[in-house]
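Heads up: the structure comes next, in structure tokens.
What follows is calculated from the coordinates using simple rules that are stated; it is not laboratory data. Note that this is a predicted model, so its numbers are computed, not measured. Note that we place each Cβ from the backbone using ideal geometry, even for glycine, and neighbour counts take in every protein chain shown.
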Amino acid sequence: MNASKRGDVPPEFSHLIKRESIPWKDLIKDAKERMKEDAKYFKAFTDAAIDLATKESLKENPDPALIILGMEACIGRGRFAECLFISTGSEEIDVLSLRAIALFTLSDAKSLREVLHKLESVIDEQSSPSDQVRLSSVKVLLGAVERDTSVIMCVMELDNLLEAYPEQIEEPLSETIFTLYVVGVLLTEVGQGQRALRIADVIAEMAHSLERRTALVLSENLRGRISGTQGNFVQSEVHFKRVLEISDDLSSNVGLGMAANNLSQLMLYNLRLEEAYEYLQSAYELLEMGAHRIVILSNLGEISTLLGRYDEGEKHLQQALKLDAKIGVGYIEPYTWMVILLSRTGRLREAKKILGQARKLVESTEKPKDRAAFFHAKGVLEACEGKIAESYSSMTEALKVAKENDLIEWLVRSVLDIVRTYLNAFSDSGDSKYLSNAAYHLDDLIQIAEEQGLKALYAETLLLRSDIRSHGGRLLEAKGDLERVVGIATFLENSRLEREAKAKLLALTADVPEIPGLNEAGRTMDRVAGFRPTGPLKDVPRPILHSLLALNRASGLPEFVHAFDARLEMDSSLLSAFISAITAFSGDMMGDSGLIRSINHEGFTLMMEHTHSRIVTLIANQETFDIRYRLHEFARRFEKIFPQSVDSVATADYVGAEDLLESIFRE
């Protein structure tokens with residue numbers, strides 16, 4: 001092929017130029033004919049290549065070179081179903097390894113494993129480096145799609161091969177580029193941002209040196225995900241919009257859909273639900289993969305439900321359920337969000353039926369995320385049935401699963417629905433203790449947002465707390481919360497949040513303060529429930545623990561005392577008297593809404609949990625959500641094991657208390 005004609009072949013296919021059986025001149029002519037319909041050249045060329053490969057695949061002995069050309073064109077355009085059709089029946093190594101990319105994208109683990117078995121039967125240590133790399137790449141893709149821990153060893157094997165054969169990096173296979181991208185995504189998900197960034201740099205170098213815009217899409221998308229996990233959302237948005245730009249030039253629906261979906265997650269992180277919905281709609285229209293569509297439909301249903309657009313939400317969730325029944329993915333969230341939607345709209349019998357289906361999915365997988373989703377939906381249904389105790393128990397179980405597995409979105413939702421349950425109880429009874437309990441649990445969410453640096457979540461939660469404090473008559477504290485919200489909203493350039501906070505602040509500072517209705521708090525909770533993290537939880541240093549005391553609420557006397565640090569001696573009687581006095585004072589001043597959560601003084605923090613008969617106090621150098629959660633769990637279980645208060649610190653009265661403490665507070 002002469003140089004002038006070679007220049008008409010898109011650089012994404014230049015590595016196939018030496019395949020003499022490919023009719024390049026005819027392809028170029030066909031592509032230019034298609035250009036008359038105002039098609040972009042890359043689109044016209046790949047359409048011509050896909051049509052040619054499709055016809056070739058119907059022959060008894062198709063030419064592998066034409067099949068490979070068509071498959072690479074399909075992958076570049078995101079036409080994965082056609083990629084699989086073209087490659088059906090081929091036993092060629094390079095065809096099978098490209099087929100693996102399509103299967104990975106479609107989350108078809110079963111077929112991916114079949115490809116791996118075929119490659120393992122023909123590739124060994126004596127095979128060419130390219131074929132060894134192909135085999136290793138397929139192992140990584142299978143481990144990634146199955147979320148198997150073996151993926152770690154597979155990645156190490158691929159690293160070793162690329163180090164042993166550097167020419168595989170200098171002139172990489174399409175499979176190598178894609179697999180490196182997948183490895184980068186896996187590293188990003190486990191908080192290894194710097195290592196992932198090095199992979200993004202390698203892919204970018206390949207993209208520029210080989211002029212492969214398809215590789216540049218992967219590099220930019222990976223950079224966007226990394227920036228998001230590092231809290232650099234402005235830069236993350238820049239990268240994702242760059243993906244949109246390049247993908248549009250390539251007429252790649254998968255690139256456009258991938259970017260739109262990632263931008264939707266970025267909007268959910270910043271609690272901009274309306275914008276997230278619009279991006280998800282675009283992603284749904286662009287992405288044809290069944291499993292991905294279930295996730296997108298479920299997310300659309302969730303956002304619609306949270307925004308109170310129930311008819312719209314039900315439509316999306318019904319589509320997701322039908323699609324799941326058709327392809328059998330077993331994705332639980334369409335079921336659990338349908339339970340929530342039906343419960344909210346009073347269709348409790350239907351909700352129970354769907355919850356039963358969700359229960360079967362949970363029992364068959366036992367995935368922590370699925371368990372959290374199930375208990376959360378169960379708690380919502382129970383709350384709508386008026387079963388307050390049962391709802392609290394289910395939400396507490398969801399919170400426990402989320403806490404033990406670092407599922408921050410479910411931590412947020414579980415705490416919110418515990419708060420919602422108490423607010424509903426307050427609305428029904430008017431009993432201020434429920435309002436106090438709601439505010440008490442909401443402080444857990446504020447603690448999480450603050451220590452994780454989640455500014456949008458922190459601001460929205462403060463907005464919610466201001467409503468609760470207003471209802472409890474704590475107007476000065478409510479105003480303080482609103483002033484902080486205004487400052488954060490201005491920093492985040494969130495005009496909606498800023499307007500809302502200023503309006504509430506103006507209402508509270510009027511001559512006759514206007515107290516917002518609890519329905520406004522409900523809308524804020526729904527928005528906050530849409531929060532999605534962009535990465536794993538940050539590590540928070542564990543506080544230094546000093547002492548724990550369980551005090552009798554009636555007498556104020558210590559019942560159980562434990563010193564974590566024997567060098568720091570504290571007089572439990574004096575400390576008990578102080579805690580009792582300050583608790584009594586706050587109770588006299590503010591009633592049930594004045595239950596003290598913590599006291600900070602000169603490097604010491606006293607964290608308190610109030611049970612029916614006790615005040616359980618932990619003294620540490622600082623408060624974190626993790627330690628607060630452990631204290632709450634200890635107080636709850638201590639109360640259950642020792643229901644009768646005893647004005648004594650005799651060890652014999654509390655057999656097993658030390659073991660309980662050790663099991664909860666151990667590192």
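Tally Lys and Arg at +1 and Asp and Glu at -1 over the other residues with C-beta under 12 Å from the C-beta of Phe233: what net charge comes out?
With Lys, Arg at +1 and Asp, Glu at -1, the neighbours total +1.
Using a Förster radius of 51 Å, what is the FRET efficiency between Thr490 and Glu60 based on their Cβ-Cβ separation? Nearest 0.05, please.
For R0 = 51 Å, the calculated efficiency reads 0.15.
Hey, how many Å between the Cα centroid of the range 358-373 and the Cα centroid of the range 489-522?
Value for the Cα centre distance between the two parts: 39 Å.
Nearest 0.05, what FRET efficiency do Met156 and Ser128 give at R0 = 22 Å with Cβ-Cβ as r?
Plugging the Cβ-Cβ distance into 1/(1 + (r/R0)^6) gives 0.55.
Relative to the present Cα-Cα distance, how much length would full extension add between Lys360 and Leu506 at 0.36 nm per residue of separation?
47.5 nm
Give me the net charge for the shell around Leu297: Cβ to Cβ below 14 angstrom, other residues only, Lys and Arg +1, Asp and Glu -1.
-3
Over all directions, average the projected area of the Cα convex hull of the range 1-89 and note it in nm².
Working: hull surface 22.2 nm².
With every direction weighted equally, the projected area is 5.5 nm².
Check Arg614: other-chain or 5+ apart residues with amide H under 5 Å from its amide H, H built from backbone geometry?
Counting only residues 5 or more places away or on other chains, the set is Arg553.
For the residue pair Gln644 and Ile544, what label-to-label distance in nm results when each label sits 7 Å from Cα along the Cα-to-beta-carbon direction?
4.1 nm
Once fully extended, how much extra length lies between Asn600 and Glu350, figured as 0.36 nm per residue of separation less the alpha-carbon to alpha-carbon distance? Mind dumping the intermediate values first?
Working: separation 250, 0.36 × 250 = 90.00 nm, distance 4.92 nm.
So the chain would gain 85.1 nm between Asn600 and Glu350.
Taking a quarter of the surface of the convex hull around the Cα atoms of the range 83-235, what do you get in nm²?
Its Cα hull, projected and averaged over all orientations, spans 9.1 nm².
In 10 Å bins starting at zero, report the fraction of Cα pairs in the range 157-239 per bin as a rounded %.
Percent of Cα pairs in each bin: 20, 51, 25, 4.
Count charges around Glu366 for me, please; just the other residues with Cβ under 15 Å from its Cβ, Lys/Arg as +1, Asp/Glu as -1.
Around Glu366, the surrounding residues sum to +3.
Using θ = phi - 60° and the Karplus form 6.51 cos²θ - 1.76 cosθ + 1.60, what ³J(HN,Hα) does each residue of the range 96-105 get, whole Hz, x for Gly and Pro?
So the J values, rounded to whole Hz, are 5, 5, 5, 4, 4, 4, 5, 5, 4, 5.
Going down the list Lys322/Lys360; Lys55/Lys118; Lys25/Lys139; Lys433/Lys479; Lys110/Lys400; Lys387/Lys504, which pairs span over 28 Å between their C-alpha atoms?
Lys25/Lys139; Lys110/Lys400; Lys387/Lys504
Near the amide H of Ser547, under 5 Å away, which other amide H atoms are found, from residues 5 or more places off or on another chain, if H is placed in the peptide plane?
Sorted by chain and number, the residues that satisfy this are Phe564, Ile619.
If you fit an axis through the alpha-carbon atoms of helix 129-145 and take the longest principal axis of the Cα set of the chain, what angle between them do you get, 0 to 90°, nearest 10?
30 degrees
Using the Karplus curve 6.51 cos²θ - 1.76 cosθ + 1.60 with θ = phi - 60°, work out ³J(HN,Hα) for each residue of the range 605-616 in order, rounded to whole Hz, and write x for Gly and Pro.
Working through the residues one at a time gives 10, 9, 9, 10, 10, 9, 9, 4, 10, 9, 10, 9 Hz.
At q = 0.06, 0.11 Å⁻¹, what base-10 log of I(q)/I(0) does the Debye formula yield for the chain when every alpha carbon is treated as an equal point scatterer in vacuo?
Relative scattering, expressed as log10 I(q)/I(0), comes to -0.43, -1.13.
Given the DSSP H assignment, sum -39500 (n - 2.57) over each helix run of at least 4 residues in the chain and divide by its residue total; what's the result at 222 nm in deg cm²/dmol, nearest 500? Write down the numbers at each step before the final one.
Details: 31 runs with 463 residues, N = 667.
Mean residue ellipticity, 222 nm, calculated: -22500 deg cm²/dmol.
What is the magnitude of the charge dipole of the range 34-177 about its Cα centre, with +1 placed on the Cβ of each Lys and Arg, -1 on the Cβ of each Asp and Glu, and no other charges, expressed in debye to the nearest 20?
740 debye
Lone cysteines in the chain, defined as no other cysteine's Cβ under 4.7 Å from theirs: which are they?
Isolated Cys, the chain: Cys154, Cys384.
Which whole-Hz ³J(HN,Hα) couplings does the range 511-524 yield from phi under the Karplus relation 6.51 cos²θ - 1.76 cosθ + 1.60, θ = phi - 60°, glycine and proline marked x?
Listing the rounded values in order: 4, 10, x, 9, 8, x, x, 5, 5, 5, 4, x, 5, 5 Hz.
If the only charges are +1 at each Lys and Arg Cβ and -1 at each Asp and Glu Cβ, what is the size of the charge dipole of the range 1-89 around the Cα centre, to the nearest 20 debye?
I would put it at about 260 debye.
With labels modelled as points extended 7 Å from the Cα through the Cβ direction, what inter-label distance (nm, one decimal) is found for Glu171 paired with His15?
Output for this residue pair reads 1.1 nm.
Can you list the chymotrypsin sites (Phe, Trp or Tyr not before Pro) in the range 73-150 that are in a DSSP coil and have 12 or fewer other beta carbons within 10 angstrom?
In loop regions of the range 73-150 (DSSP not H, G, I, E or B), there are no sparsely surrounded chymotrypsin sites (Phe, Trp or Tyr not before Pro).
If you put +1 on each Lys and Arg Cβ and -1 on each Asp and Glu Cβ, how big is the dipole of the chain around its Cα centre, in Debye rounded to 20?
The dipole magnitude comes to about 1340 debye.
Please state, as a whole number in µm²/s, the translational diffusion coefficient that the Stokes-Einstein equation yields for the range 416-516 at 37 °C and 0.692 mPa s, with Rh defined as the Kirkwood radius across alpha carbon pairs.
So the translational diffusion coefficient is about 238 µm²/s.
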